[in-house]
């Protein structure tokens, strides 16, 4: 099957259709199982995890029911327009989910426990990422991005909602009329629900489906308190995470593209600070 960024995926037939994914880490698969058990509903469709475990010391597996459909990034523009409201409805459902039985902020573990005591602590934790290869990229722009990012932290509320963490493109399947499932909960976290909105804005120059969603949010959500500041902060957090991940994998081209994208976002949001 079409593979994700970190897993190989294969389909097979048993008493019904299944998908098996293979990864070097089991933690993301454990979060998929947790998400199905606690978050799955008619409003948040999630495929059932039927089995997970280790193949050997270096490979984990996860078997889920196979749900038919295309990803949002694989459908044409006309279908994307028809799916804007159904996609937003899933986002609203995530925002409205009752998290009273969970704890913490930021990325949660296989037991639903967030790793941080506050949302702002989670946001700032991205700055603790270190790499011996950071000198391969534009340090001046990186320092500038970090400065703008940290200046926006005070605008971010200590709200605690369910966040998918990679929402809106290849992790959402559709039959062309409705959203049939939401996949891959590896990046899921607790915090400000605008984080998922920021994902659409950040990748809007890359994917048509993200551009369409960003336009929808722009038309419907700008009345929210400190919308611009929160949106910019979360886009830069997403960008910094991408920069560090690409440095780790020695993808200098993508790391540099992401830095340029972050600067572009800042210049478009704060034109008086153009660099």
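The values are calculated or read from the model by the stated rules, or taken from the named source; none is laboratory data. Bear in mind that the values here come from a model prediction, so they are computed numbers and not experimental data. FYI the Cβ positions are ideal-geometry reconstructions off the backbone, even for glycines, and counts take in every protein chain you see.
Laid out as a table, the results:
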{"quantity": "Which numbered condition residue 216 fails, given (1) modelled with pLDDT of 95 or more; (2) within 28 Å of residue 34 (Cα to Cα)", "calculated": "(2)"}
{"quantity": "Identity of the residue in the stretch 108-124, free of Cβ contacts under 8 Å to residues at least 40 places away in the same chain and farther than 20 Å from residue 31 by Cα, that ends up surrounded by the most Cβ atoms within 10 Å (Cβ to Cβ)", "calculated": "120"}
{"quantity": "Top-ranked residue in the stretch 51-82 [being out of contact with any strand residue (DSSP E or B) (no Cβ under 6 Å at 6 or more places or on another chain) and part of a loop (DSSP other than H, G, I, E, B); ranked as nearest to residue 173 (Cα to Cα)]", "calculated": "68"}
{"quantity": "Qualifying residue in the stretch 132-140 (condition: touching a helix residue (DSSP H, G or I) at 6+ places or on another chain (Cβ under 8 Å), over 30 Å from residue 79 (Cα atoms) and part of a strand (DSSP E or B))", "calculated": "no"}
{"quantity": "Only listed residue being modelled with pLDDT under 95 and closer than 25 Å to residue 102 by Cβ, chosen from 28, 69", "calculated": "28"}
{"quantity": "Among residues of the stretch 237-268, those that are surrounded by 14 or more Cβ atoms within 10 Å (Cβ to Cβ) and farther than 15 Å from residue 205 by Cα, counted", "calculated": "12"}
{"quantity": "Residue within the stretch 22-34 that is in contact with a strand residue (DSSP E or B) (Cβ under 8 Å, 6 or more places away or on another chain) and exposed (fewer than 13 other Cβ atoms within 10 Å of the Cβ) present", "calculated": "yes"}
